[in-house]
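The values are calculated or read from the model by the stated rules, or taken from the named source; none is laboratory data. The structure presented is a predicted model; accordingly, all values stated were derived computationally and were not measured. All Cβ positions, even for glycine, are placed from backbone atoms using ideal geometry, and neighbour counts span all protein chains on display. The area values use the complete protein model at the heavy-atom level, side chains included, leaving out ligands, DNA and RNA. Shrake-Rupley method; radii C 1.70, N 1.55, O 1.52, S 1.80 Å.
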Protein chains: 4
Amino acid sequence: MIKVGIIGSTGYAGQELVRILLGHNEAEIKWYGSRSYVGTPYADVFRNMFTLVPDICKGEDLEALCEEVDVIFTATPQGLCSTLVDENILSKVKIIDLSADFRMKDVNVYEKWYGLTHGSPQYLEEAVYGLCEVNREKVRQARLVANPGCYPTCSFLSIYPLAKAGLLDMKSIIIDAKSGTSGAGRGAKTANLYCEVNESIKAYGVTTHRHTPEIEEQLTCASGQETVINFTPHLVPMNRGILVTAYGSLTRDCAEEEIRRLYEEAYDGERFVRVLPAGICPETRWVEGSNYVDVNVKKDERTGRVVMMGAMDNLVKGAAGQAVQNMNLMFGLPEYTGLLMPPVFP
Amino acid sequence: MIKVGIIGSTGYAGQELVRILLGHNEAEIKWYGSRSYVGTPYADVFRNMFTLVPDICKGEDLEALCEEVDVIFTATPQGLCSTLVDENILSKVKIIDLSADFRMKDVNVYEKWYGLTHGSPQYLEEAVYGLCEVNREKVRQARLVANPGCYPTCSFLSIYPLAKAGLLDMKSIIIDAKSGTSGAGRGAKTANLYCEVNESIKAYGVTTHRHTPEIEEQLTCASGQETVINFTPHLVPMNRGILVTAYGSLTRDCAEEEIRRLYEEAYDGERFVRVLPAGICPETRWVEGSNYVDVNVKKDERTGRVVMMGAMDNLVKGAAGQAVQNMNLMFGLPEYTGLLMPPVFP
Amino acid sequence: MIKVGIIGSTGYAGQELVRILLGHNEAEIKWYGSRSYVGTPYADVFRNMFTLVPDICKGEDLEALCEEVDVIFTATPQGLCSTLVDENILSKVKIIDLSADFRMKDVNVYEKWYGLTHGSPQYLEEAVYGLCEVNREKVRQARLVANPGCYPTCSFLSIYPLAKAGLLDMKSIIIDAKSGTSGAGRGAKTANLYCEVNESIKAYGVTTHRHTPEIEEQLTCASGQETVINFTPHLVPMNRGILVTAYGSLTRDCAEEEIRRLYEEAYDGERFVRVLPAGICPETRWVEGSNYVDVNVKKDERTGRVVMMGAMDNLVKGAAGQAVQNMNLMFGLPEYTGLLMPPVFP
Amino acid sequence: MIKVGIIGSTGYAGQELVRILLGHNEAEIKWYGSRSYVGTPYADVFRNMFTLVPDICKGEDLEALCEEVDVIFTATPQGLCSTLVDENILSKVKIIDLSADFRMKDVNVYEKWYGLTHGSPQYLEEAVYGLCEVNREKVRQARLVANPGCYPTCSFLSIYPLAKAGLLDMKSIIIDAKSGTSGAGRGAKTANLYCEVNESIKAYGVTTHRHTPEIEEQLTCASGQETVINFTPHLVPMNRGILVTAYGSLTRDCAEEEIRRLYEEAYDGERFVRVLPAGICPETRWVEGSNYVDVNVKKDERTGRVVMMGAMDNLVKGAAGQAVQNMNLMFGLPEYTGLLMPPVFP
């Protein structure tokens, strides 16, 4: 039985970790960490957990925590994890960081886009980018995994097969993404009040969103071409879900069937990436509550571009589910353990 | 492994049965019955099931079906199940009927409120009302279970402890209930379009809703007093969830603590009924996607009335989850098998 | 042209006042008061007002304000208005207070339910409860109007005809009310975040909500009978709208037609109260954005109770619209001036 | 007083015409046309109009209608208007067609994208594309106006200043658009049920949506360059609103301030197009219920592209409001008559 500690268990992603791990037969949560709710019963913060979680929230003392558990999930704001990890901790526990701290290899890129000083750049090289579909073998060996961002996961998986095949002009890619509101976190801000979000849609972080370099780095890596993208996220009045609509120009003409075959081959055997039948667009409702990513691609004969699409639950495959997928790999379990819940509809 | 057939698998309750049974280790769906989608892949109707359900929808031929399965769920419109069951079928399979056909013992009450002629009143006596928390032992022996209605389940469980204790004036009860829109079914009606339901709330079926006599019969049975209620359902702009706010006069004065103790005793050991701490009101968000019912009660010292409250997912405990709970009992499995998924939030 | 000042113009009710007054031919806003946004352009707070309102937010200095305007609306938290008004101010301007400070005649009731010390109880007698349909003549003469609460407006107008006719047992009344989320205000609280409110419904303030004594006082006044009620508000995932479902016992049997006739007579000539046709239930979507209240009543022959229903926009008839209706009366304008916008659907 | 007839008054756009015209001092609706509701009181179809519209729905007999009114709005499915108009009718009344029948000059383009045979191609040349901001003078003289589509209105106005200035590579444009659900109409389809739309977002009509050639024609006209675009609409869980996020490459480098100046100049004096301050993204909530379009533009220094954004109410500026704006021009009224209602928030 894997003993688990969660730092940041009282945010939306942290709570989703709890939900998933309660159904995981090989893991047991030993530490519900929180900054704001230390001493409060966890089920008082999230009443869905009433009778299911009797624990009291604890703090963020990693020194103490690493003595009690085998793996620590950090579902915390950017900049925290990198100041907490050190050799002592990494020698005792595995770390799966849901923040951005270890996602990019170049510390300058991190510091520029995040406006933070990185607390432990010496681990950037070692950290494994935990996109299991791509880095499965590295994850198995890792002691520090950078869990991918929600937008990057969905964006990358939507584009990956074409990028890998060298069929995309990597300077032509435009990613127009849409996210449910849980992605904005549980902080009490006027902009996230019900009446401010409901019945509206907006773009935000236009040309400046911090997931941009993360996507570029992964696509550069996959394609072997320097990738520069436009990335525009939008806030959608729904709780969960990310939809990516990405556009790109082909480097040579090829038929839609050939393109779709690349997707099927790239994701052959992948349990959590579902290549939809031709002509069917991904919709977030079909993946809600699950670890699945639905992808598809359509070629526009008129413009020569491809439209690459993906849908995913931002809290599951985009955060907690992918984190558990990483944990499973790191501990030698079947990758899908605890992650087979079907999407909840409606 | 229990072999399962579902008649009406392409409605919302039917699909929820599929979702739940996919996670049930002791059951396997052998027949996805549908009236509108015969010949269509099930996953084309509900794309959340893509890669999870390869089956093609079949029809409603109970004669054929009962040769292939151990239990049949009928998630069909009122009046269908009662015309389909007969001695041959009941000798071969167990039936769990999610419609109202076998919920009331008095055929006249059924025919008056539903405006239908009952197709097999000879089974009304035998049929067991499948509210596990009350009729657990009878369900274990049953071959025909009437799965309770969504509003009745939540209403009854909110009121039951006080009714059983004889503390309620059974003529004083007013039940004001609120339901998410999945309760209205998947039929294409203008009234259920997104733009008609969104950003609005309304009462419907005022003084005439067909769940009224079902609730009255169960409360009469629990209290030993003839019960006549006001029941008013409301349509709420959300997918899932039922909230019940019920009002009643006490037959004698007693303190709120005493009243709450009755609830705790009545539901002691019940896994799926959660009596919330004093002062905490049930909210549907805390039970969504799960088989839990959250209940609580508050006494109004000024008026001498009690306010009894319950929240539940109408598709789970109010339909498919309770049906599986009944199946588990009927087949000698632990009652909670396949039903322990925590509520999904947000 | 009436010169208007608004204290609390940056809350939802304050902004709705602005929206309505922009379409009012006889009024002009001279002062956009705010506590949090002094010095900020009003249109930076509410961008719907971009190009429509060039003004900068000012503070809450009533002494200065009363020199510049003819009427002041106070859309502020409870307890503020009563500390601001004095003889000097009242001699110069008319006050329409959207808070609860002057709604109840008995200062003890106010102080008990609101947990505040009243700042100027000497004006309680003079203040007119601004429910135009009942107190029209008094409002015309008033210099201080207490604008009714949102729940009380809808509750009272739903019940009033039967109460006035003496046909209701005034101890039997139960009001189950449902409100959109704008009623919770624009303060940044976790409980009002999108993901906390969306896809859920809950009761709150059960047996203790502060609108209870206000409703009781008005119904006592209308019926001549001491009225004690159960009042239970619920939070609904929608922006605007209040729905009231009220239950009461008749003091003598009478037919539904007779009861409906009482409604039609009571509201004969009332432009903003619409008695719906028999059998049609009010729905909040049909009044959104407008000053209309839709009401109806149904008798339950089985229980002898009546179900009284009302729907209204909480920000218009429940706050800003009613306030403007009061202003119109106080300044001798046609009552409906600036208030004839049809409901916005969908 | 302009006498108005509406064909298709019982759809969402038709109802919005009614709402707007009820507040228009110079127009009066004489004919509420409907296919499905002939003989039904209009207020029974849309109860927001109870007490406001006493009329009974009539049919679609244009011969009779043109004797009674000065202008006819056709808010009907594609293909109807073009089969109804003829010289007799056009000699007696002005026609404002909200369908696509007269939007494109090339009948082949229409017939290819819409899969319909055009009923009266002889009027294509005469028909004026009713985008007032561009064709104001032509609209004043027109007897047949093609009211622009919702997506084209918002897309075009978001891109127009740069296209007109010759600064955009007209083969580089990608329009990613998002619409509320009222755009899908009031037909009873499963796909538009509340539970199917709520809590989800999807792309649809990818590479094939029929608004594509309309946008291309208008941009070609504005830029003098043949324009070929990618256009992807998405369905968003909200009632109203369209958001456009468009991407394009510049033909020469120029600073964001210069670009923004083009927008300010292009829309100088335009009452209904609001160029937002630098850095502020359009949001649909700020225009809901109004005739305003909010636009802005941002340059991405990294990719050299511009991101052009627009937000609008699809039923107002995208349909009924723009139609009334056209009517005002055609009848010599101030363009904004009846259209000054501020956006409704929240």
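Quick rundown of the values:
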item	result
Where rotation carries B onto C, the chain B residue whose Cβ is nearest that axis, in whole Å	B:176, 2
Per-residue ³J(HN,Hα) for segment A:110-120, Karplus 6.51 cos²θ - 1.76 cosθ + 1.60, θ = phi - 60°, Hz, x for Gly and Pro	4, 5, 6, 6, 9, x, 10, 8, 6, x, 7
Loop trypsin sites (Lys or Arg not before Pro), segment B:94-163 (other Cβ atoms within 10 Å of the site Cβ: 15 or fewer; DSSP)	B:105
Position residue C:171, label points 7 Å along Cα→Cβ, spacing to each other copy in nm (shortest first, one decimal)	1.6, 8.6, 8.6
Neighbouring partner chain Cβ atoms per residue of A:175-184, average, 10 Å criterion	5
Probe 1.4 Å, all protein chains present, accessible-area order of C:208, D:284, C:190, largest first	C:208, C:190, D:284
Options A:321, A:332, A:303, ranked by Cα towards positive dipole end of chain A, top entry (Cβ charges)	A:303
Degrees between helix A:12-22 axis and first principal axis of chain A (Cα, 0 to 90, nearest 10)	70
When each of A:92/A:178; D:138/D:202; B:105/B:171; B:58/B:105; A:58/A:138 is checked by Cα-Cα distance, pairs over 29 Å	A:92/A:178; D:138/D:202; B:58/B:105; A:58/A:138
Shielding by partners - mean other protein chain Cβ count within 10 Å, residues of B:273-283	4
Inter-copy spacing of residue A:54 label points, which lie 7 Å from Cα along Cα→Cβ, given in nm from shortest upward	4.5, 6.8, 7.1
Degrees between helix D:321-330 axis and first principal axis of chain D (Cα, 0 to 90, nearest 10)	70
Loop-located GluC sites (Glu not before Pro) in segment B:73-126 whose Cβ has at most 10 other Cβ within 10 Å (DSSP)	B:125
Cα centroid separation, segment A:138-202 to segment C:39-106 (Å)	44
Nearest-20 debye value, segment D:120-183 charge dipole, Cβ charges on Lys, Arg, Asp, Glu	120
Residue range of chain D that is longest and free of chymotrypsin sites (Phe, Trp or Tyr not before Pro) which are both DSSP loop and sparsely packed (at most 15 other C-beta within 10 Å)	D:1-203
Gyration tensor (alpha-carbon) shape descriptor, chain A, a/c threshold 1.5	prolate
Over chain D: helical MRE at 222 nm, DSSP H runs n ≥ 4 each giving -39500 (n - 2.57), nearest 500	-8000 deg cm²/dmol
Rounded to 10°, Cα long-axis angle of helix D:132-141 versus longest principal axis of chain D	40
Cβ-placed point charges (K, R +1; D, E -1), dipole of segment C:64-146 about Cα centre in debye, nearest 20	240
GluC sites (Glu not before Pro) restricted to segment C:247-342 and DSSP loop, no more than 14 other C-beta within 10 Å	C:301
Assigned charges on the beta-carbon of Lys, Arg, Asp, Glu; chain D dipole about Cα centre (debye)	540
Exceeding the 28 Å Cα-Cα cut-off - candidates A:112/D:298; B:94/B:164; D:112/D:298; B:298/C:189; C:189/D:298	B:94/B:164; D:112/D:298; C:189/D:298
Separation of alpha-carbon centers, segment D:281-334 and segment C:11-27, rounded to whole Å	23
Counting DSSP beta bridges with both ends in chain C, the antiparallel % (nearest 5)	45
Rounded to the nearest 10 Å², the accessible area of residue A:7 at probe 1.4 Å	0
At 7 Å out from Cα toward Cβ: residue D:140 inter-copy label distances (nm, ascending)	4.8, 7.7, 8.9
Top of A:229, A:96, A:242 by mean-square fluctuation, Gaussian network on chain A, Cα under 10 Å	A:229
Exercise: per-residue mean of other protein chain Cβ atoms within 10 Å, B:236-249	6
